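The values are calculated or read from the model by the stated rules, or taken from the named source; none is laboratory data. From a predicted model like this one, the values you see are computed outputs, not experimental measurements. Cβ placement follows ideal geometry from the backbone for every residue including glycine, while neighbour counts extend to all protein chains displayed. The area values use the complete protein model at the heavy-atom level, side chains included, leaving out ligands, DNA and RNA. Shrake-Rupley method; radii C 1.70, N 1.55, O 1.52, S 1.80 Å.
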Amino acid sequence: MSRPGDYYRGLVTAYAQLGYLVVAADYRGHNRSDGLEYTRRAYAAHYYTRDVIASYWAAMKLENVNTDQVVMAGHSMGGGITQRAVIALGDRLAAASIWSTAGEDFLRYWMIEALSTGAVTDSNTKTKSVLDSLLIELRAGDYSFSDLAVAPVVSEIAVPLMIQHARDDQTTAAENSIVLAAQLYQANKAYQLYLYDDRDHLFRGGLFDEAIRRDQQFFAKALGN
């Protein structure tokens, strides 16, 4: 599908050509999947994580699956979702790779969207319909946006992470990957970080090939191959 279906199709193909059986999760509300209403919910990232975990269990039922040699990959918004899924699945995975990960300052994201068009004069008395509905949803569960981030529980990640990002990424800041690496370093968790002198959010050409090669080597080591 579009946005950016051809790109992700290329990712699936690249991993499959390395010999992997590949299952790609489609988050609810994206492309042809039902559930558009979930994309504007406070817990959206957690719902998407459920979709990935469900995809894992579906994959384990396929023929020719080696359930002892499973890895996961996530791109952009999928970076935080992959981290959550890795924590939930624990030692069922051997390693994970994250490319161009998005940040998880959800309050900042929704505030920017609320003030995204035209000249803005804002105050605490001006309603922000989407943000207000999200805050109501969170308060009903006695949560705040800061409770939704994966960062406070990153120490629970039990498998090595590969992290790759272009320094001048125009969509998601490379700082997201640097901060993740710092959190893993502080928690004494295994990781590798590669920052590229590039601006592509969607790795292409030689950069794509290099990132796949590094994933291949990283996964092979984690799987003992």
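Structure above, values below:
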item: Any hit, region 4-22, residues being over 20 Å from residue 220 (Cα atoms), among the hydroxyl-bearing types (Ser, Thr, Tyr) and at pLDDT 90 or above; result: no
item: Answer residue from region 91-107, given it is modelled with pLDDT under 95 and not hydrophobic (A, V, I, L, M, F, W, C) and is farthest from residue 190 (Cα to Cα) among those; result: 105
item: Tally of residues being in contact (Cβ under 8 Å) with a residue 60 or more places away in the chain and either touching a strand residue (DSSP E or B) at 6+ places or on another chain (Cβ under 7 Å) or under 10 Å from residue 100 (Cα atoms) (or both) across region 154-174; result: 12
item: Only one of 86, 65 that is among the β-branched types (Val, Ile, Thr), more than 19 Å from residue 202 (Cβ to Cβ), in a helix (DSSP H, G or I) and touching a Leu at 6+ places or on another chain (Cβ under 8 Å); result: 86
item: Test for residue 7: is it among the aromatic types (Phe, Trp, Tyr), assigned to a helix (DSSP H, G or I) and more than 24 Å from residue 151 (Cα to Cα); result: yes
item: Of all residues in region 68-83 being in a loop (DSSP other than H, G, I, E, B) and not aliphatic (A, V, I, L, M), the one that is least open to solvent (accessible area, probe 1.4 Å); result: 76
item: Selection within region 31-42 - surrounded by 14 or more Cβ atoms within 10 Å (Cβ to Cβ) and under 27 Å from residue 63 (Cβ atoms); result: 33
item: Of all residues in region 106-143 being among the hydroxyl-bearing types (Ser, Thr, Tyr) and surrounded by 11 or more Cβ atoms within 10 Å (Cβ to Cβ), the one that is farthest from residue 81 (Cα to Cα); result: 133
item: Per-region count, region 176-200, residues part of a loop (DSSP other than H, G, I, E, B) and in contact with a His (Cβ under 9 Å, 6 or more places away or on another chain); result: 0
